[in-house]
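The values are calculated or read from the model by the stated rules, or taken from the named source; none is laboratory data. Quantities reported herein were computed from a predicted structural model and do not represent experimental measurements. Virtual Cβ from ideal backbone geometry, glycine too; neighbours counted across all protein chains shown.
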Amino acid sequence: MLAAFLSIDQPKVERIKLEFPHSVALQVFQLLLAWRRIKGSEASFEELLKSIEECGSVSVDWDMLEKRLRSRFGMFFVLNNYVFGLFHVYAI
């Protein structure tokens, strides 16, 4: 489970599930908020991507993510030292 890779303990995961039983999206959002509170400035997009890759059991619709980010930020945007382009991510 991704929460373990984000250093979120099981009791916190269970509390989130109980608080938001009907919405997996809200559960994920709350987990990410908890991760950000725990890690502070270390909770970067790069660290999230590494955790997703390490976990292996998380599926991400990268095309949809890119479309949503591009629609919000334009053709190119910078997020946590990465420049996102049409189909590529460049470290800066």
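Those residues that are of a type in the set (A, V, I, L, M, F, W, C), in a helix (DSSP H, G or I) and either at pLDDT below 80 or loosely packed, with under 10 Cβ neighbours inside 10 Å (or both), I need them from segment 45-63; list them, please. Spell out how you get there, then give the answer.
So the first thing to find is which residues in segment 45-63 are of a type in the set (A, V, I, L, M, F, W, C), and the list is 45, 48-49, 52, 55, 58, 60, 62.
Checking the rest, the ones that are also in a helix (DSSP H, G or I) come to 45, 48-49, 52, 55, 62.
Phe45, Trp62, listed by residue number.
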Check whether at least one residue in segment 15-29 is over 13 Å from the mean Cα position of the chain (by Cα), crowded, with 16+ Cβ neighbours inside 10 Å and either at pLDDT below 85 or assigned to a helix (DSSP H, G or I) (or both), and report yes or no.
-> yes
